[in-house]
Amino acid sequence: MLQLLTSKPLLFVCNVDEGSAANGNKYSALVTKMVENLGASSVIISAAIEEEISQLTDSEEMELFLKEMGLSEAGLDRLIKAGYE
């Protein structure tokens, strides 16, 4: 009833380099393991990739870029979905 901040669900966001955006790295793996123990969730994104995506104007270019990076969707989209979950 009090809506205390400590009672809210946790979401951890791991910012990784471009090469680790699809699968994460050793540090994001540690966060994922910790998150499982806490009953929280995590999302792996690359801020560098997200910045490049923000500059693309054509949706076809964006899809091609994501495929080249080994991603099915943008990190921001995954973050939004995780936030609603």
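Using a probe of 1.4 angstrom and keeping all protein chains present, the accessible surface of the chain works out to 75 square angstrom per residue. Can you return the lysines within cross-link range of LYS33? Criterion is Cα-Cα under 26 Å, with same-chain partners fewer than 8 residues away left out. Straight-line reach from LYS33, under 26 Å: LYS8, LYS81. Residues whose amide H lies under 5 Å from that of SER42, counting only those 5 or more places away or on a different chain, are PHE12; hydrogens are built 1.01 Å from N in the peptide plane. From its DSSP helices (H runs of at least four residues, each -39,500 (n - 2.57)), the chain gives a residue-normalised ellipticity at 222 nm of -14500 deg cm²/dmol.
For VAL16, the solvent-accessible surface computed with a 1.4 Å probe is close to 10 Å², ligands and nucleic acids excluded. Normalised by the number of residues in the chain, the average gap of Cα pairs under 8 Å and 6 or more apart makes the relative contact order 33 percent.
The values are calculated or read from the model by the stated rules, or taken from the named source; none is laboratory data. Note that the structure is a prediction, hence the values are computed from the model and not measured. Side chains included, ligands, DNA and RNA excluded: accessible areas come from the protein's heavy atoms. Shrake-Rupley method; radii C 1.70, N 1.55, O 1.52, S 1.80 Å.
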